[in-house]
Amino acid sequence: MTSLVLTVLGPDRPGLVESIARIVAEHGGNWIESRMAHLAGHFAGVLRVEVPAERAAALQTALAALRAHGLESLVHPDAGPPPVAGSPLVQLDLVGQDRPGIVREISRVLATLRVNVEELTTDCSAAANSGQPLFRARATLRLPPGVFEATLRTALEQVAHDLMVDLRLASG
């Protein structure tokens, strides 16, 4: 079996996930994991499938044919082994008044410490009491060897103060 990572993007409509799942199944594939969302009228998804090696090219061709229905796809071979077991995971929750640069500043700190972003979810909505735009982020972070949660917390708190956002870290 070959493991592939697929990205799909197109105007959202009912049946999109089924059309992808059908093609994967028709090629003897197994849907392993995915993240999918409706964003600004579009369907965006990332998924990992396993497929017999001899059917991988045909699967890619079949997915490319969905372009006629407005769905674009990219297929990449699985990048390799998972992160080293035992590398600690940390959950980051952040909330604050929305403004440009929040993700940039937080991600800069993470990159400087070589922290890997395993998953990131963000949204912006109106605050209940004021109606002002409120930015929220939730991330699963994998710490590299030699970086501890306390080190990460100190670095993020310095930036959070400048950004005027609240953040919480918890062992994952």
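Just so it is clear, none of the values below were taken in a lab; they were calculated from the coordinates. All values derive from a computational prediction rather than experimental measurement. Because the Cβ atoms are built from the backbone with ideal geometry, glycine has one as well, and the counts that use them run over all protein chains shown.
What 222 nm value per residue comes from the helices of the chain, counting each DSSP H run with n ≥ 4 as -39,500 (n - 2.57) and dividing by all residues, nearest 500 deg cm²/dmol?
-8000 deg cm²/dmol
Collect residues whose amide H, placed 1.01 Å from N in the peptide plane, falls under 5 Å from the amide H of Asp78; neighbours closer than 5 in sequence don't count.
Ser3, Leu4, Val5
Hey, what did the stretch 89-171 get for relative contact order, percent, Cα under 8 Å, at least 6 apart?
This gives 47 percent for the stretch 89-171.
Any chance you could list the semi-axes, whole Å, largest first, of the equivalent ellipsoid that the Cα gyration tensor gives for the chain, using √(5λ)?
Working through the eigenvalues yields semi-axes of 35, 23, 11 Å.
Along each of its three principal axes, how wide is the spread of alpha-carbon positions in the stretch 89-171, in whole angstrom units, largest first?
Result, largest extent first: 42, 22, 18 Å.
What is the dipole size for the chain, taken about its Cα centre, with +1 at each Lys and Arg Cβ and -1 at each Asp and Glu Cβ, in debye to the nearest 20? Walk me through the intermediate numbers first.
Numbers: 15 positive and 18 negative charges, 30 e Å.
Dipole magnitude for the chain comes out near 140 debye.
Summing Lys, Arg as +1 and Asp, Glu as -1, what charge do residues with Cβ under 15 Å from the Cβ of Val117 carry, Val117 excluded?
+2
Hey, rough spin-label estimate for Thr154 and Glu26, points 7 angstrom out along Cα→Cβ, what's it come to in nanometres?
5.8 nm
Under the definition of Cα pairs under 8 Å and six or more residues apart, what whole-number percent is the relative contact order of the stretch 32-168?
24 percent
Between 0 and 90 degrees, rounded to the nearest ten: what's the tilt of helix 149-163 against the longest Cα principal axis of the chain?
80 degrees
Once you charge only the Cβ atoms, +1 for Lys and Arg and -1 for Asp and Glu, what is the size of the charge dipole of the stretch 2-77 about its Cα centre, to the nearest 20 debye?
Dipole about the Cα centre, nearest 20: 100 debye.
Between Leu120 and Arg99, what is the spin-label point distance in nm, taking each point 7 Å from the Cα along the Cα→C-beta axis?
1.9 nm
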